[in-house]
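These notes concern the structure reproduced below.
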């Protein structure tokens, strides 16, 4: 993976953490104000995903193997964190105040009241969350998200992976154009028809699908050797795109995310060496999934030490939250995500290599 793409993943993960950190203690957002880039880290993730998966469809790998590899990459850690939330809620120790803010996390006192043991998550909510099926939460009927709040984005990701797997049945040159055409068509249906009554239809015809399409188109150009011609121009694109991510208009945010990824693809920017940022980028998925629990713990400790929130200690809380979630996410990546994913990937490769002994799961041929 290109280092610059990993750096953008690190940036996107920290943007998500920042937004949720200022809401975990209500008085913090009152002191610091809501961040201008609220939620836009996910837009950046979607464009990056479109680019990476667009590159992946260039390989000669079967649809089933491709989809299995994506499942073992995304699902296990997500299932583990979701199961932990369900267990905590069943014990009455942790609940999510879904209607109070983007990521209002309750522990006790000012951070939210305890849940009734065993009475928080329904069986239907648990099953749909684990299977990446969009549904409307009973606690907040106007919103579509799973038990692990940030998992709503994974519903889009898994749908996109499924489309990528299907595209592998086409000749290589037509895979990305066909993928883009389907995504644009679905987004157009969402604009032309009222899909709000169905969580599934509403999700999979959302305009956010265009971000995956844009990333795939960047991959299409990249595969044909057309990165930006001047690195200074690419650097300016990065600055312009980052500014766009602070907008409150969806179209400008989407364009900003696309421009940032495009600007990061120049060879002189691609291979800038920053090992700490690369490590954070590698761990970005763990950071993204675990930061909710980490923030809850940090907030509880902080409120014991500073019952009254001021501007200065709100800033310190934000900085501490970013640092602790980054370290905790990296530890989760090193100790859990990476070894778990590696072992599952090897198992998938063995299964598909046994089905086709002349070819590996990534499309290369075995050498006798």
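The values are calculated or read from the model by the stated rules, or taken from the named source; none is laboratory data. Given the structure is predicted, the values throughout are model-derived calculations rather than measurements. Every residue, glycine among them, receives a Cβ derived from its backbone with ideal geometry; neighbour counts consider all protein chains shown.
Select from the range 260-288 the residues that are buried (at least 23 other Cβ atoms within 10 Å of the Cβ) and farther than 15 Å from residue 10 by Cβ and list them in ascending order. Correct list: 262, 263. Scanning the range 337-360 for residues that are surrounded by 11 or more Cβ atoms within 10 Å (Cβ to Cβ) and modelled with pLDDT under 55 gives 359, 360. Please specify each residue of the range 169-207 satisfying the condition of being touching a strand residue (DSSP E or B) at 6+ places or on another chain (Cβ under 9 Å) and surrounded by 17 or more Cβ atoms within 10 Å (Cβ to Cβ). If the condition is that a residue be touching a strand residue (DSSP E or B) at 6+ places or on another chain (Cβ under 9 Å) and surrounded by 17 or more Cβ atoms within 10 Å (Cβ to Cβ), then 199, 203 are the ones that fit. The listed residues are 207, 133, and the only one of them that is closer than 30 Å to residue 87 by Cα, under 19 Å from the mean Cα position of the chain (by Cα) and not in a helix (DSSP H, G or I) turns out to be 133. Only one entry in 260, 301, 287, 309 is at pLDDT 85 or above, farther than 27 Å from residue 73 by Cβ and assigned to a helix (DSSP H, G or I), namely 301. Residue-level check: of (1) more than 28 Å from residue 153 (Cα to Cα); (2) touching a helix residue (DSSP H, G or I) at 6+ places or on another chain (Cβ under 6 Å); (3) part of a loop (DSSP other than H, G, I, E, B), residue 272 misses just (2). Working only within the range 133-164, note down all residues that are touching a strand residue (DSSP E or B) at 6+ places or on another chain (Cβ under 9 Å), closer than 18 Å to residue 198 by Cα and at pLDDT 85 or above. Listed by number, the residues that qualify are 134, 135, 152, 155.
Kindly evaluate residue 328 against the criterion of being farther than 19 Å from residue 85 by Cβ and modelled with pLDDT of 95 or more. So residue 328 does not fit the description; no. Look at the range 146-175: where a residue is at positive phi and without any contact (Cβ under 8 Å) to a residue 60 or more places away in the chain, no partner that is outside any helix (DSSP H, G or I) and buried (at least 19 other Cβ atoms within 10 Å of the Cβ) sits 6+ places away or on another chain with Cβ atoms under 7 Å.
Can we say residue 221 is under 23 Å from the mean Cα position of the chain (by Cα) and in a helix (DSSP H, G or I)?
Numbers: under 23 Å from the mean Cα position of the chain (by Cα): no; in a helix (DSSP H, G or I): yes.
For residue 221, the condition - under 23 Å from the mean Cα position of the chain (by Cα) and in a helix (DSSP H, G or I) - is not met.
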